[in-house]
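This report refers to the structure that appears directly beneath it.
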Amino acid sequence: MSAVAVNMVEDRLCVAVIAGAHGVRGDVRIKSFTADPEGLAAYGPLTDKAGTREFRIKVHGLARGLLRAHIKGVDDRNAAEALAGVELYIKRDLLPEPEEDEFYHSDLIGLKAVLEDSSNYGVVRAMHDFGAGDVIEITLAAGGTVVLPFTRAVVPSVDLKAGIVVIAPPEEVEARAPKESDS
């Protein structure tokens with residue numbers, strides 16, 4: 001089970017963010033959220049969040065986990081620095097359909113989380129990948145939040161059509177939905 005990190009805005013997905021300038025000739029560092037970071041340019045022109053600016057990028061390689069790239073029309077360090085923090089989007093229909101047991105993060109956010117006995121556990125708030133694998137953040141029905149590994153053992157079932165993820169919290173996790181007798 002795996003998830004691809006993208007944030008959705010209507011029919012567009014955030015696939016990267018410009019981290020800052022690289023060098024003096026207008027190159028930028030880009031944090032890609034795609035499965036193949038170096039393939040980012042293959043999606044074609046990217047846009048900003050509003051969809052008003054278009055960015056054509058040419059990837060030069062990876063450096064310290066970030067892409068080194070050039071954006072057409074950005075020819076000096078000042079112009080590159082001005083783009084720091086700009087999120088880059090593509091139209092969702094440009095992405096391939098996820099394979100079985102694969103999901104886009106944006107498809108999971110907002111789904112109802114239930115325990116294996118179908119009791120309400122909460123709502124999927126976010127998906128994260130801090131480098132050691134995907135984790136799922138849930139706003140608990142009982143209040144508070146919990147972050148759990150996004151593994152088959154902890155998330156045994158995802159039903160996108162029904163809008164539900166089934167959660168089996170590890171025994172070490174104290175954040176469990178209240179039992180009927182606790183209410």
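No lab work stands behind these numbers, since they all come straight from the coordinates. No experiment lies behind these values; they were computed from the predicted model shown.
Just checking the listed ones, ALA21, ALA42, ALA168: in the Gaussian network model of the chain with Cα springs under 10 Å, the one fluctuating most is ALA42.
Rounded to the nearest 5, the antiparallel percentage of DSSP beta bridges internal to region 109-172 is 80%. Say we join alpha carbon atoms closer than 10 Å with springs in a Gaussian network model of the chain; which of ARG152, ARG68, ARG12 then has the biggest fluctuation? Highest fluctuation among the options: ARG152. Shown for the chain: lysine pairs separated by 8 or more places, or found on different chains, whose C-alpha atoms are under 18 Å apart, numbering 7. Phi-derived couplings, Karplus 6.51 cos²θ - 1.76 cosθ + 1.60 at θ = phi - 60°, listed residue by residue for region 152-159: 4, 5, 8, 10, x, 8, 10, 10 Hz, with x used for Gly and Pro.
For the chain, with a Gaussian network of springs between Cα atoms less than 10 Å apart, report the residue from ARG77, ARG125, ARG64 with the top mean-square fluctuation. Sorting by GNM fluctuation, first place goes to ARG64. Under the classification rounded if a/c is under 1.5, otherwise prolate if a/b is larger than b/c and oblate if not, where does the chain fall, given a ≥ b ≥ c as square roots of the Cα gyration tensor eigenvalues? Since a/c reaches 1.5 and a/b is larger than b/c, the shape of the chain is classed as prolate.
Region 21-76 and region 121-140 have Cα centres spaced 27 Å apart.
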